[in-house]
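Worksheet: one structure, shown below.
Here, each number is a calculation from the coordinates, and none is a lab measurement. This structure is a prediction, so every number in the text was calculated from the model and none was measured. Virtual Cβ from ideal backbone geometry, glycine too; neighbours counted across all protein chains shown.
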Amino acid sequence: MFKDFEVQYKDAGTGSIEGYASTWIRQPDSYGDVVAKGAFTKTLAERWNGGKGIPFLWAHQMDNLKSFIGTAEADEDDKGLHFVATFDSTEEAQKVRQLYKDGRLRKFSFAYDVKDAGTVTLEDGTKANELRELDLYEISAVTVPANEDAGVVDVKSGRRNSKADEGKIRQAIELLQDVLGELNEEEPIDGEDEPEANAAAEEQKASNPEKAGLLEYIKSI
């Protein structure tokens, strides 16, 4: 069986997406179901090693290797089944990532078997089928959702490209050019005492805190 939801977009090495595959909202979805909090606890612990390594597919196509577009990690929180899926580097996976980034895809779905369920009466008197324990098989990128409440949290493209980073990278390149120039210019002259030359170099570094800061930044990226 499948459930469909809306998603949001996130970032990682090859791109990632973060959202909710299910929510605990007490409003029946298009199948007449509501999901009880804790419905995924057992399957995450037993089938998915605490929520790791869940297949992220395109449109539930389990028999098509090209439809395996990434891997998800999931956990239950106060809102629902939260997940972060990292996209593979394949052409198919990156096409799906771009569709989410562009906002042309906003939904996802999950495949499951029902282990325990029962009829409940909601606060407004509506009767619904409550899914109390589910066996999760995969999470899929899809076009049409069953539950409009599950939405995208964040999508990332897989590369650092903000204007702030670009400016710092430019500064870093200029600094490296300066450093290379200094290495060529500051070779000890004949007869110069090496400890004195090293002390002078350290004094020069200390007198330029902007360069020191940029060096630290370069180490961090």
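Some observations on this one:
Rundown of residues vs (1) within 24 Å of GLU133 (Cβ to Cβ); (2) in a loop (DSSP other than H, G, I, E, B); (3) aliphatic (A, V, I, L, M), yes/no style:
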{"site": "LYS42", "(1), (2), (3)": "yes, no, no"}
{"site": "GLY50", "(1), (2), (3)": "yes, yes, no"}
{"site": "PHE56", "(1), (2), (3)": "yes, no, no"}
{"site": "MET62", "(1), (2), (3)": "yes, yes, yes"}
{"site": "ILE69", "(1), (2), (3)": "no, no, yes"}
{"site": "GLU73", "(1), (2), (3)": "yes, no, no"}
{"site": "ASP78", "(1), (2), (3)": "yes, yes, no"}
{"site": "LEU81", "(1), (2), (3)": "yes, no, yes"}
{"site": "GLU92", "(1), (2), (3)": "no, no, no"}
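- Scanning the range 96-119 for residues that are loosely packed, with under 13 Cβ neighbours inside 10 Å and closer than 18 Å to VAL155 by Cβ returns ASP102, GLY103, ARG104.
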